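Take a look at the structure below.
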Amino acid sequence: MFRISKAVSIGGFDHVKSLTIGGGSPIVAQTMWKDRLSLSELDGEEGAITLSKIKRLEKLGCKLLRFGVPDIPAAEALGQLSSMTSMPLVADIHFDYKIALRCLDFPVAKIRINPGNIGSAEKQKAVIEKAGKKNIPIRIGVNAGSLPVDLRKGFQDYSEALVKAAERELAIFDKYGFTNVLVSMKASRIADNIKANRLLAERTDVPLHIGVTEAGPLIAGVVRNSAAILDLLREGIGDTIRVSLTDSMENELIAAREILLAASELMGKESSRNEISGGVKIISCPRCGRYGFDTNAFLERWLEKLYGLDSRISVAIMGCAVNGPGEAKDADLGITGAGNKVLVFSRGKVIKTIEAEEADEVFEEELKKTVKE
């Protein structure tokens, strides 16, 4: 049975796209900008490059893009960027509440604050009141590494401390009548993440942002995030996800999409919230000594383009006749090696036999036809 949280509306003002998190809406995938944002990146050719990066992330399924804002100049830069793109942007604030206040002067779609370091109750009140007047949602982001001092030693495990920190903060927001709020509770330990979110899900209907913080490099990070996020999604817990990786934003989004797809397959009819709005499902073999077609190289060339397609199709990239049309017979489009030739197939039937050097050109032609269908 799904936990239905209350709905929080994000964006939908000026030129910013409207987005709903919670309330039974599809789960939102998001990522975080990996570099410090500066005004110099927003002018002329540099600005065009920055906007093209955002468009690229959007094609990969990004619905919400977060930026670390360490000081006022970074707030000014985010403010300018927020006027240049329709992507809902989030300001991630630590330590200085004045940075949050400055970000709220711009069409920033959401604010994230950390209760462990944002400052006194009066400073939090100032942020809450201004966000309330502007109708801008706030995410309470609780991290195990920056819990309030009194909670770091008062509990036997981090999960209880995370929940206590979130509940304490929610009480402050409730005191000021601010309901446009989300919560995240993250730790580097998988068990702490799962337990904390289960506990809070039982006690409140606030929308939950889930993921594992400091999860590590690509492979380790994907494994740890998958273990935590999938477990929670299968219990109906979680309204938006970020797969935190010491890797690219693109790979964070690809991992998020695959986790949502896996949840959808595992849960069957109960999975509607986990289904991505579009996107290709890629089936590919690991390659071995039998291969007649270099799946690794081909997939590397095509991966991002395939994930960027807004078309719900399946594509198989296979290495040999053993793992070709037979094992991938349900794929809408596939390509595989067979001796010295390459086969292009659709739903188990070979439609073209070509030379290896023709693979990219023919695959692109057939892909266009498949997407149109």
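The values are calculated or read from the model by the stated rules, or taken from the named source; none is laboratory data. Computed from a predicted model, the values in this text were never measured in an experiment. Don't worry about glycine lacking a Cβ; one is built from the backbone with ideal geometry, like all the others, and counts go over all protein chains shown.
Among the residues of region 51-73, those that are more than 13 Å from Ser86 (Cα to Cα), buried (at least 17 other Cβ atoms within 10 Å of the Cβ) and either in contact with a strand residue (DSSP E or B) (Cβ under 6 Å, 6 or more places away or on another chain) or of a type in the set (Val, Ile, Thr) (or both) comprise Gly61, Arg66, Gly68, Val69. Here Asn251 clears all of (1) within 21 Å of Glu58 (Cβ to Cβ); (2) of a type in the set (S, T, N, Q); (3) in contact with a strand residue (DSSP E or B) (Cβ under 7 Å, 6 or more places away or on another chain) except the condition numbered (3). Look at (1) touching a helix residue (DSSP H, G or I) at 6+ places or on another chain (Cβ under 7 Å); (2) surrounded by 17 or more Cβ atoms within 10 Å (Cβ to Cβ) and you find that Asp92 fails only one, number (1).
What number of residues in region 294-325 are in contact with a Cys (Cβ under 9 Å, 6 or more places away or on another chain), closer than 16 Å to Glu365 by Cα and of a type outside the set (A, V, I, L, M)? Residues in region 294-325 being in contact with a Cys (Cβ under 9 Å, 6 or more places away or on another chain), closer than 16 Å to Glu365 by Cα and of a type outside the set (A, V, I, L, M): 0 in total.
Only one residue in Phe155, Phe173, Phe178 is hydrophobic (A, V, I, L, M, F, W, C), part of a loop (DSSP other than H, G, I, E, B), more than 24 Å from the chain's Cα centre (by Cα) and under 20 Å from Ser5 (Cβ atoms), so which one is that?
On the way: Phe155 fails: under 20 Å from Ser5 (Cβ atoms); Phe173 fails: part of a loop (DSSP other than H, G, I, E, B).
Just one listed residue meets the conditions, Phe178.
Hey, can you tell me all the residues within region 10-22 that are in contact (Cβ under 8 Å) with a residue 24 or more places away in the chain and surrounded by fewer than 17 Cβ atoms within 10 Å (Cβ to Cβ)?
Residues of region 10-22 in contact (Cβ under 8 Å) with a residue 24 or more places away in the chain: 10-11, 13-17, 19, 21-22.
Result: Phe13, Asp14, His15, Lys17.
I'd like to know if region 349-363 contains one or more residues that are of a type outside the set (A, V, I, L, M) and touching a residue at least 40 places away in the same chain (Cβ under 8 Å). Yes, the conditions are met somewhere in region 349-363. In summary, Ala201 fulfils each of the numbered conditions (1) at pLDDT 95 or above; (2) at negative phi; (3) assigned to a loop (DSSP other than H, G, I, E, B) with the single exception of condition (3). Among the candidates Glu58, Glu41, Glu45, the residue that is acidic (Asp, Glu) and within 19 Å of Glu304 (Cβ to Cβ) is uniquely Glu58. Residues of region 341-361 that are among the acidic types (Asp, Glu) and either closer than 16 Å to Thr295 by Cβ or part of a helix (DSSP H, G or I) (or both): Glu357, Glu358, Asp360, Glu361. For residues in region 289-321 being closer than 16 Å to Ala356 by Cα and of a type in the set (Phe, Trp, Tyr), which is farthest from the chain's Cα centre (by Cα)? Selected residue: Tyr291.
Taking residues in region 81-95 that are over 16 Å from Asp71 (Cβ atoms), and partners anywhere that are at pLDDT below 95 and of a type in the set (Asp, Glu), not one pair has Cβ atoms closer than 6 Å while being at least 6 places apart or on different chains.
Scan region 38-70 for residues that are of a type in the set (D, E, K, R) and part of a strand (DSSP E or B) and report the count. Even if it seems obvious, please write down each step before you answer.
As a first pass, look at region 38-70 and keep what is of a type in the set (D, E, K, R): 41, 43, 45-46, 53, 55-56, 58-59, 63, 66.
After this cut, where a residue has to be part of a strand (DSSP E or B) as well, the list is 66.
Summing the residues that are of a type in the set (D, E, K, R) and part of a strand (DSSP E or B) in region 38-70 gives 1.
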